[in-house]
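For reference, the structure discussed in these notes is given below.
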Amino acid sequence: MKKPVLFSSISLERGIFILRGVGIGAIIIGFIGMLGALYPVISSEINYELQSRKDPLPTPTPQSGSFGEVLVIAPPLSVQPINTTHSIIIQNIEVNSPIVWDVPVTDEKAYNAALANGVAHAQNTSHPSSENGNTYLFAHSTLNPLDIQKYSAVFTLLHRLNIGDRVTVFNDNVRYDYAVEAKDVVKDFDVTPLTREPDYPMLTLQTCDPPGIPLNRLIITARLVGQYPLAEK
């Protein structure tokens, strides 16, 4: 007596065809998902490259001496700040974002709420002024498409900043211009950039490195080179 044939050659070929189709579909879905995850970085990098082909922005030269004499004429900005009481502009990487002041860095709920609304200022660090101190600002750089919000990728291009690039911060209707003087990558547990006490007005910018992955921290250090009081509206 012959054993029954469980699968005909036709059904076997059909099964192989279906499995191949499922495999190809999974690859396509995975590829689309990868593109979606990389979209914030890819789009930011493309915009940066297009912008960099234009005439370069004038950058300030760090100055020595006292800030007792306030300069009246400020270098022009290509964009209007979101506000003049709590915001940051980095023209070279197209950052124009509000700042949330005095965010506790040890309270995850508080700083996540702040980062959803802009760039966060670390509590117990200096506010922008001509006094010596460290003004510490931090923000997201993300690869996760589920996290894409208005300000979720605001610092994605922070690594593109170069020495001498200008960073502008507005605080209480005063504009503060800083010039980048250092770029460093530190481990995520290294609090040295947060706790340092400089002998000049310093601005520190921090985000994840690589973007969206809290393995390391990219630290940008900048020095105050000009302050300009604005007319109150």
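The values are calculated or read from the model by the stated rules, or taken from the named source; none is laboratory data. Being a predicted model, the structure only gives us computed values, none of them experimental. Here Cβ is always computed from backbone atoms with ideal geometry, including for glycine, and neighbour counts include all displayed protein chains.
Scanning segment 154-179 for residues that are under 17 Å from residue 139 (Cα atoms), hydrophobic (A, V, I, L, M, F, W, C) and not in a loop (DSSP other than H, G, I, E, B) turns up 158, 167, 169, 170.
Of all residues in segment 210-233, those satisfying the criterion of being in a strand (DSSP E or B) and without any contact (Cβ under 8 Å) to a residue 60 or more places away in the chain are 216, 217, 219, 221, 222. Checked against (1) touching a residue at least 12 places away in the same chain (Cβ under 8 Å); (2) of a type outside the set (A, V, I, L, M); (3) surrounded by fewer than 22 Cβ atoms within 10 Å (Cβ to Cβ), residue 201 passes all but condition (3).
Looking across 106, 84, 135, one residue alone is farther than 20 Å from residue 211 by Cβ, among the hydroxyl-bearing types (Ser, Thr, Tyr) and crowded, with 19+ Cβ neighbours inside 10 Å. It is 135. Going through (1) within 25 Å of residue 75 (Cβ to Cβ); (2) at pLDDT 95 or above; (3) aliphatic (A, V, I, L, M) one by one, residue 218 falls short only on (1). Quickly run through segment 180-203 and pick out the residues that are of a type in the set (Val, Ile, Thr) and either assigned to a loop (DSSP other than H, G, I, E, B) or closer than 20 Å to residue 81 by Cβ (or both). Within segment 180-203, 180, 191 meet the criteria.
Quick one: how many residues across segment 177-194 are touching a residue at least 40 places away in the same chain (Cβ under 8 Å) and of a type in the set (Asp, Glu)? Total satisfying the criteria: 2. Could you list all residues from segment 190-222 that are more than 19 Å from the chain's Cα centre (by Cα) and either among the aromatic types (Phe, Trp, Tyr) or within 15 Å of residue 128 (Cβ to Cβ) (or both)? 198, 200, 201 - these are the residues of segment 190-222 that are more than 19 Å from the chain's Cα centre (by Cα) and either among the aromatic types (Phe, Trp, Tyr) or within 15 Å of residue 128 (Cβ to Cβ) (or both).
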